[in-house]
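Heads up: the structure comes next, in structure tokens.
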Amino acid sequence: MIKNVTTSTNGKRLNVETGRVACEADGAVVVTMGETVVLVTVVSTDEVRQGIDFLPLTVDFQEMSYAAGKIPGNFWRRDMGRPSEKEILTSRLIDRPLRPLFPESYHFETQVIASVLSFDKENDPDPLGILGASAVLTVSDIPFGGPVGSVRVGRINGEFIAFPTLEEQEKSDINLIVAGTKTALVMVEGDGKFVSEDDMLEAIFFGQKSLQPVIDMQIELSEAVGKQKRQFPPAEKDDQLIEKVAGIGEPLIKEVLSCPEKRVRQKKRSEAIEYVVESLKGEYEDRGREITDAMYDLEKSLARHMILKEGRRIDGRSLGEVRPIECLVGVLPRVHGSALFTRGETQALVLTTLGTESDEQKIESIYGDYYRKFTFHYNFPPFSVGEARRLGAPGRREIGHGALARRALLSVLEEREDFPYTVRVVSEILESNGSSSMASVCGGSLSLMDAGVPVRDPMAGVAMGLISDGDDVAILTDIMGDEDHFGDMDFKVTGTRYGITALQMDIKIDGLKKEIMAKALYQAREARMHILDEMDKTLSRSRPEISKYAPKITIIHIKPEKIRDVIGPGGKTIRHITVTTGAQISIEDDGKVLIACSESEGTKRAIEMIEDIVKEAEVGKLYLGKVSRTVDFGAFVEIMPGSEGLIHISQLANERVGKVTDVVKEGDEVLVKVIDIDPDGKIRLSRKAALGHSVDDL
């Protein structure tokens, strides 16, 4: 049965259709806004793979090149290769609000695929992908606690906009994706241009209000064509086993929770679990996994109780306290900028490298091709959490954390004509116990300043947590790993002293009140100010000079009509300059020339060679030129590369000249004076006027 539901938002029609295509899938919907069309499908298996005790959910977002009328630029000229960074980030955006809404005991392999089939370069497909994924799960037979609505929020001139166009996003000082259910926020992701806490709060709850019609659409769709949800074995809990585990394990877990050091705590936790498993071995043989799970549940319950009822955290901090901070800069001698940022048991070594225009990253996408001057990469090696495993390509988590740090720092990088560098920042996580992405932001700010990159203001970030039992609420500043695991919210906020630049929030509970969110934002601001104070003690502004090991870029300007002369036929001239001087040279259409070289002599020589090419003849000035050809009425002389003038036969000598070749021949060097340049740029030369002068007079 084909069913369409429609609503209007921001003057645009939003339509969801099901029942027409991809009917072999467990569910399929087509979401359309304007001429942007996204197909979303879901399939879930009927059997659980052996040993699986979690939800094996896979979400893939695909931007098909044909959607924007493009042919892929790769060797194979096809899509379906390694997903782009944008596709990975959008896949994460779709996954995060869906995953918490599956039943805890649903362990069937599930795959959601969202494909952009048509893109009008106006309406953003990202929120449509989240909407489609929720809708397809809602109408399918797969158990799901949705529906979830999603909306992108922008703000122009103080006015909030739902589902802003790409052009409106460029003009917005707030750019958020907000996802939620009928009663609760589930996810927020986005950035702002030094936005206040109050304004960000208003944007979030404007988004929650704006997504309600999107949820109503899905409810209407489900009531019309929704399938009955499949039955699956619920999780069985042995209350007697849980009680016995608690009886033996509670004092041991309390001892675990009194250990502030992560590795000591992990060791004690393992010993406690091993002791309880061994103690119950006779009565509950071969049920070690259940006992282990019960011990983790017990630890979660006791940790939450300790925070909510006693106001005490695992490492002894108060709820609003930031872990001890140490900042070092210039820690590596040859890199262009470096910082070691340590906060508690989380440590990031962040490195900055400066490059030239040729180092810019080319991005190909359905949005159009462009070049990126600033990149941020985040690496999470296994030793940072005391593990030994195979190294591989960065995963979705690493790419997501790097993108968050990049968005945060991009706001403080000044667009300056006199700083034409490509900038790459890499965060190497050396130790991790929560909030490594925020450590990367803090270390990134210090590293950029250490490299001499012009930074508008120092930047810091902090991860906030929340624990709630309905009546009591505890907001935690600078959460560590266990608090993230046991808590109800992970809320990352970055910014300067003057406002928020990025945030990322995942919420696991219903009914998060606006007052609680406001308190979390302001508590995050207090933490940010404290962290910035600590960072300022080490480095409070960018160094006045870039590293001596970075390439030096010098900018000169030439007339646009001279660009062709500098490049030369087939690039011959500019290649000669590059080989001769060792400099990298790029020329922009307006005549700006960027010369990059690690040696000052190479830069100086390259400038001289370019200036020799582009300099123009002056009337009354002497030049030593070479005769390029002779004609009956005179000789043409090249006085500068690409600049040629005519000596009329009457200007060859004081006496009458009968034949040009009696005085000069092709290839002769001759001293001449410029006697006239006409409006068309034609140069008249005189050998006669230069007689009596020598090359010493040049």
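Every read-out reported here was derived from the displayed coordinates using simple, explicitly stated rules and does not represent laboratory data. This structure is a prediction, so every number in the text was calculated from the model and none was measured. Positions of Cβ are generated from backbone atoms using ideal geometry, with glycine treated the same way; all protein chains shown enter the neighbour counts.
Quick look at the numbers
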| quantity | calculated |
| --- | --- |
| Those aspartates and glutamates that a straight Cα-Cα span of less than 20 Å connects to LYS227, excepting residues fewer than 8 apart in one chain | GLU17, GLU24, ASP26, ASP46, GLU47, GLU109, ASP141, ASP216 |
| Summed residue charge, Cβ within 11 Å of ALA28's Cβ, Lys/Arg positive, Asp/Glu negative | -2 |
| C-alpha long axis of helix 288-310 to longest principal axis of the chain, angle in ° | 80 degrees |
| Alpha-carbon Rg/Rh ratio, for region 556-698, with Rh computed the Kirkwood way | 1.05 |
| Distance violations [Cα-Cα > 19 Å] among LYS12/LYS182; LYS229/LYS508; LYS548/LYS604 | LYS12/LYS182; LYS229/LYS508 |
| In order through region 433-441: 3J(HN,Hα) via Karplus (6.51 cos²θ - 1.76 cosθ + 1.60), integer Hz, x for Gly, Pro | 9, x, 6, 5, 5, 6, 5, 5, 5 |
| Whole-Hz ³J(HN,Hα) from phi, Karplus 6.51 cos²θ - 1.76 cosθ + 1.60, for region 678-691, glycine and proline x | 7, x, 7, x, 6, 9, 9, 10, 9, 7, 4, 6, 8, 4 |
| C-alpha long axis of helix 126-139 to longest principal axis of the chain, angle in ° | 30 degrees |
| Ordering of 573-581, 49-57, 481-489 by packing [mean C-beta count within 10 Å, highest first] | 481-489, 573-581, 49-57 |
| Residue-count net charge about ASP239 - beta-carbon cut-off 15 Å; Lys, Arg +1, Asp, Glu -1 | -4 |
| Cα centroid separation, region 393-465 to region 321-381 (Å) | 5 Å |
| Label-point separation, ILE2 to ARG629 (7 Å along Cα→Cβ), nm | 7.2 nm |
| Region 113-185 and region 221-256: distance between their alpha carbon centers, rounded to Å | 32 Å |
| Sequence-distant lysines (8 or more away, or on other chains) whose Cα lies within less than 24 Å of LYS659 | LYS626, LYS673, LYS682, LYS688 |
| Debye, to nearest 20: dipole size of the chain, +1 on Lys, Arg Cβ, -1 on Asp, Glu Cβ | 1300 debye |
| Length-normalised contact order for the chain - Cα pairs under 8 Å, 6+ apart - percent | 9 percent |
| Amide hydrogen neighbours beyond the local backbone of GLY337, cut-off 5 Å, H modeled | THR352 |
| Cα centroid of region 586-634 to Cα centroid of region 76-107, whole Å | 55 Å |
| Farthest toward positive dipole pole in region 506-591 [+1 Lys/Arg, -1 Asp/Glu at C-beta], among ILE509, ILE546, ILE531 | ILE546 |
| Interchain or long-range residues, amide H under 5 Å from GLY634's placed H | ILE649 |
| Rg/Rg_globular for region 622-697, with Rg_globular taken as 2.2 N^0.38 Å and Rg from C-alpha atoms | 0.99 |
| Pairwise label distance in nanometres, THR292 with SER600, each label 7 Å out on the Cα-Cβ vector | 6.4 nm |
| Label point distance in nm, GLU360-ASP533, each placed 7 Å from Cα along Cα→Cβ | 4.2 nm |
| More than 24 angstrom apart: percent of Cα pairs within region 325-536 | 43 percent |
| Cross-link partners of LYS559 among aspartates and glutamates (Cα-Cα below 14 Å; sequence separation of 8 or more within a chain) | GLU588, ASP589, ASP590, GLU611, ASP612, GLU616 |
| Binned Cα-Cα distances of region 239-310, short to long, each 10 Å bin given as a whole percent | 21, 54, 22, 3 |
| Phi to ³J(HN,Hα) by Karplus 6.51 cos²θ - 1.76 cosθ + 1.60 over region 40-52, Hz, x for Gly, Pro | 10, 10, 9, 9, 10, 6, 9, 10, 8, 5, 4, x, 8 |
| Exceeding the 29 Å Cα-Cα cut-off - candidates LYS309/LYS513; LYS244/LYS519; LYS86/LYS572; LYS362/LYS552; LYS209/LYS519; LYS86/LYS492 | LYS244/LYS519; LYS86/LYS572 |
| Helix-derived mean residue ellipticity, 222 nm - over the chain, DSSP H n ≥ 4, -39500 (n - 2.57), to 500 | -9500 deg cm²/dmol |
| Rotationally averaged projected area of the chain (alpha carbon convex hull; nm²) | 39.6 nm² |
| In region 610-642, the GluC sites (Glu not before Pro) that fall in loop regions by DSSP, at most 14 other Cβ within 10 Å | GLU616, GLU618 |
| Acute angle (nearest 10 degrees) that the helix 197-210 long axis makes with the longest principal axis of the chain, alpha-carbon atoms | 70 degrees |
| Protection-proxy order for peptides 257-268, 220-231, 640-651, each taking the mean of Cβ atoms within 10 Å per residue, highest first | 640-651, 257-268, 220-231 |
